1. Do any helices (runs of 4 or more DSSP H) lying entirely in the stretch 238-315 carry at least 2 residues that are outside the structural domain of Ala159 (by TED's automatic domain parsing) and buried (at least 19 other Cβ atoms within 10 Å of the Cβ), and which ones are they?
2. Does any residue of the stretch 221-235 turn out to be within 25 Å of the chain's Cα centre (by Cα), farther than 24 Å from His142 by Cβ and either charged (D, E, K, R) or surrounded by 17 or more Cβ atoms within 10 Å (Cβ to Cβ) (or both)?
3. May I ask you to list the residues in the stretch 151-196 that are of a type in the set (S, T, N, Q) and either in contact (Cβ under 8 Å) with a residue 24 or more places away in the chain or closer than 20 Å to Glu219 by Cα (or both)?
4. Within the stretch 392-407, how many residues are touching a residue at least 40 places away in the same chain (Cβ under 8 Å) and either assigned by TED's automatic domain parsing to the domain that holds His142 or charged (D, E, K, R) (or both)?
5. Which is touching a residue at least 24 places away in the same chain (Cβ under 8 Å), surrounded by 22 or more Cβ atoms within 10 Å (Cβ to Cβ) and among the polar types (S, T, N, Q), of Ser388, Ser347?
6. Got a number for residues in the stretch 96-150 being among the basic types (Lys, Arg) and under 20 Å from Ile329 (Cα atoms)?
7. Can you tell me which residue among Tyr85, Tyr148 is assigned by TED's automatic domain parsing to the domain that holds Trp354, more than 19 Å from Phe362 (Cβ to Cβ) and touching a residue at least 12 places away in the same chain (Cβ under 8 Å)?
8. Across the stretch 247-264, what is the total count of residues that are over 16 Å from Tyr165 (Cβ atoms), touching a helix residue (DSSP H, G or I) at 6+ places or on another chain (Cβ under 7 Å) and not polar (S, T, N, Q)?
Amino acid sequence: MRQNKIAAVAIMATIFIFIFTILAGCSTAATPTVKKALKVGFSIPYTGAAAEKGAPIGQGALDSWKNINEELGGVDGNKIEVVWYDTTYDAAKATTIVKKLMDDGCLFFTVVSSKEATASKDAANKAGFPGLIVFSSPSLTHPPAHMYAQLPDYGDDWAAFSKYYMQNIWKGTGKPKMALAILNNPTGYGVRDAARAAAADLGIDIVATEEHTATTISEIDALTRIQAKNPDVLFISSTPAPTSILLKNAYDLKMIPGITVASAHAGFTKALIDLAGANVTEGVYGVFPTVNWGADVPGMAKMTEVAKVKHPEYIGNNDYITGWAASLINAQIIKQALANSSMDVLSKADAAAWQAVESKGFLNVKGYDVQGLHGPVDFSSPTDKRGSKSVKIFLIKSGAMSSITDWVDAPYINYEKYDWFK
């Protein structure tokens, strides 16, 4: 009898262990797989010498990503984690930050300024870490490597305006004389290089090139030297604060009103009018690669709705538009990478993932319509690394920037063919 009881207990224990094992197995199988979040990085001069430009661009980008994640459900159902750092417009910080974004597990990074992109590009290109440059210069995409420009570069600004000037403004005989006032970094050097490559073909004589710093407080001496050359045109390529100094100094020297003055898109924004004043900026031309606020395009309503709630101070500032559009392009790159690669590859966020997001993502962005906010984006060319390839010419009248042209194409310039281009 005792043996029968022991046998019964043993059988019951065996059955219990068997059932527990099955249940435990079922529980393990039912545990949901946690997806590893895909990350994108941003390098933004949110504070520092170019904050009047970096803050609205950066905030536009961050607001846009928040809208993509919270209202649109992310990219193909995947919420994207945004990692960003403030560079303070410091090249040394930008170099450190791009390496940190790699270590943070980002698939690619977006860098706002050409100065900081220049500081980042060697490390990024060496690692094969793809980058999107919001405001670019020819030296960043020539020769082509792993950096892509969201928009036409500063050299394209100069070429587009110079062509417009020759066709619509210049009424004199012979060659018009043009002076360049340029920031002493790629923001200015892009214009210098474009003028060197194309001024002769356009029939323009470059009579002076003066450089300045981002923290300048007076350019009277440089403008006095320019004034002595009796130029017909002054073309400025800088950020808004130095551009405002140049315009105020030119106004004091009675150069303006008088000669034609134009600005590349780095300095041509609402912040310029706020800093220099409506009377000083009256009649100044500018080049910008986006539509203006209030344009009848698909992306305007949602962007304006968000900005009114989150950052009403940036309504009317076209830099916010560029940042908002940059994140739309980010999302399209990821969408293409997911469609042509796999989550397994991308989620590792290693060198293989970087290669995949570039070859399967960037290079498959073809004719992407950024909801009409700027020209279509196409990264498929092996040589032309500019996404959008068109700009608009603007004129400041009564304290407001108004576009005076439709989209103007910015033809590709093959800088590599010039011995002087480095």
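The values are calculated or read from the model by the stated rules, or taken from the named source; none is laboratory data. Fair warning: this is a prediction, and the values are worked out from it, not measured in the lab. As a convention, Cβ positions derive from the backbone with ideal geometry for all residues, glycine included, and neighbour counts pool all protein chains shown.
1. Working: elements: 240-252, 270-276, 278-281, 300-310.
Output list reads 300-310.
2. Residues of the stretch 221-235 within 25 Å of the chain's Cα centre (by Cα): 235.
Next, only the ones that are farther than 24 Å from His142 by Cβ stay: none.
No, because not a single residue in the stretch 221-235 is within 25 Å of the chain's Cα centre (by Cα), farther than 24 Å from His142 by Cβ and either charged (D, E, K, R) or surrounded by 17 or more Cβ atoms within 10 Å (Cβ to Cβ) (or both).
3. Residues of the stretch 151-196 that are of a type in the set (S, T, N, Q), as a first pass: 162, 167-168, 173, 184-185, 187.
Across the stretch 151-196, the qualifying residues are Ser162, Asn184, Asn185, Thr187.
4. Here the count works out to 2.
5. On the way: Ser347 fails: surrounded by 22 or more Cβ atoms within 10 Å (Cβ to Cβ).
When all the criteria are applied, what remains is Ser388.
6. Total satisfying the criteria: 1.
7. Details: Tyr148 fails: more than 19 Å from Phe362 (Cβ to Cβ).
Answer to the selection: Tyr85.
8. First pass over the stretch 247-264, keeping only residues over 16 Å from Tyr165 (Cβ atoms): 247-255, 257.
Add one more test, that the residue is touching a helix residue (DSSP H, G or I) at 6+ places or on another chain (Cβ under 7 Å), and what stays is 247-251, 253, 255.
Okay, now just the ones that are also not polar (S, T, N, Q), so 247-248, 250-251, 253, 255.
Count: 6.
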